[in-house]
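Engineer: Below you'll find the structure I mean.
The values are calculated or read from the model by the stated rules, or taken from the named source; none is laboratory data. Owing to the predicted nature of the structure, the values given are computational and were not obtained by experimental measurement. Heads up, the Cβs are rebuilt from the backbone with ideal geometry, glycines too, and the neighbour counts pull from every protein chain shown. Note: areas computed on protein heavy atoms with side chains; ligands, DNA, RNA excluded. Shrake-Rupley method; radii C 1.70, N 1.55, O 1.52, S 1.80 Å.
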Amino acid sequence: MVAALRRRTPAYLLLAPGALWLIIFFVIPLYFMAKLSLDTEIPGTLHYRFTWEWSNYKEALELYDTQFGRSFIYAGIATLLCLIIAYPLAYVIAFKAGRWRNLMLFAVVAPFFTTYLVRTLAWKTILSNESPITEILHAIGLAPSGHILYTGFAVIAGITYNFLPFMVLPLYASLERIDVRVLEASKDLYASATSTFWKVTLPLSLPGVVAGTLLTFIPAVGDYVNAEFLGGANNRMIGNVIQSLYLTQSDYSAAAALSFVLMAVIMIVVFIYIRFAGSEALMGQEAV
């Protein structure tokens, strides 16, 4: 018993800093936010009292269902676009880049050297009515009104750009770990390049697809910066509503309730996704 405890002590000591950090900066704030979501404001003051006010959750869902739906639609489309763009890029970096690999990886992470806000404001300039991009899209018929900024398209474009590296890096890490000899064996068995990709490369890279999708989708749902600067009042996401309730309207109970509803919905969506996509990834690896 004592010997087993001594063997486990180093592991406990290594876990202690991370566990302490999570308790102080996640669990405790989460507790106070849960309590606040069930508070009732004392009329005429900014003080609250705990009353088990579950109606805060009902009102949050009834008043802001449109923003909830829009957040998941925008995040889902942006995640799909990131996957479509990132997979070929990660594939090229992993298998075709050669001596340019490190330079291409640096190009992927280079945007992180600029703050998130500055990158979003740059897209506001890129998509403005007077920009060459808008004029080109208008000329080819993709922007009939000549107006892109403050639309859903602009918000999705901003989210896709800002979160693209979160998709590329997990995909690259997954593809880079694939043993090239497995791909060569597939070709030796007279499989075409297309067949090798669909039956070997893609199944082996599915863990990267799952990880990249989660890393992109989860923060994208709660994002409010892109919607604030690129979407305008008609394209607000749930993050904008929560930010407004906290900092502008001082309706802390409603904001806390919305935050918990958002977390719960994201957890349900992620659980379902992992349940199906994750199992398919494991089955694909076992089949290979």
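Engineer: In segment 166-183, is there at least one residue being within 29 Å of the chain's Cα centre (by Cα) and closer than 22 Å to Met237 by Cα?
Structural biologist: yes
Engineer: Please verify whether Leu204 is over 14 Å from the mean Cα position of the chain (by Cα), in contact (Cβ under 8 Å) with a residue 60 or more places away in the chain and farther than 25 Å from Tyr74 by Cα, treating the condition exactly as stated.
Structural biologist: So Leu204 fits the description; yes.
Engineer: Could you identify the single residue in Ala107, Ala122 that is open to solvent by less than 60 Å² (accessible area, probe 1.4 Å) and at pLDDT 85 or above?
Structural biologist: Residue meeting the stated conditions: Ala122.
Engineer: Also, I was wondering about something else. With the condition kept exactly as written, say whether any residue in segment 230-246 is open to solvent by 60 Å² or more (accessible area, probe 1.4 Å), β-branched (Val, Ile, Thr) and free of Cβ contacts under 8 Å to residues at least 24 places away in the same chain.
Structural biologist: Checked segment 230-246: no residue is open to solvent by 60 Å² or more (accessible area, probe 1.4 Å), β-branched (Val, Ile, Thr) and free of Cβ contacts under 8 Å to residues at least 24 places away in the same chain.
Engineer: On to the next question. Among (1) at pLDDT 90 or above; (2) assigned to a loop (DSSP other than H, G, I, E, B), there is one condition Glu53 misses while meeting the rest; what is its number?
Structural biologist: (1)
Engineer: What is the residue count in segment 13-47 for residues that are surrounded by 10 or more Cβ atoms within 10 Å (Cβ to Cβ) and modelled with pLDDT under 80?
Structural biologist: 2
Engineer: Please specify each residue of segment 169-210 satisfying the condition of being of a type in the set (S, T, N, Q) and not in a helix (DSSP H, G or I).
Structural biologist: Within segment 169-210, just Ser192 meets the criteria.
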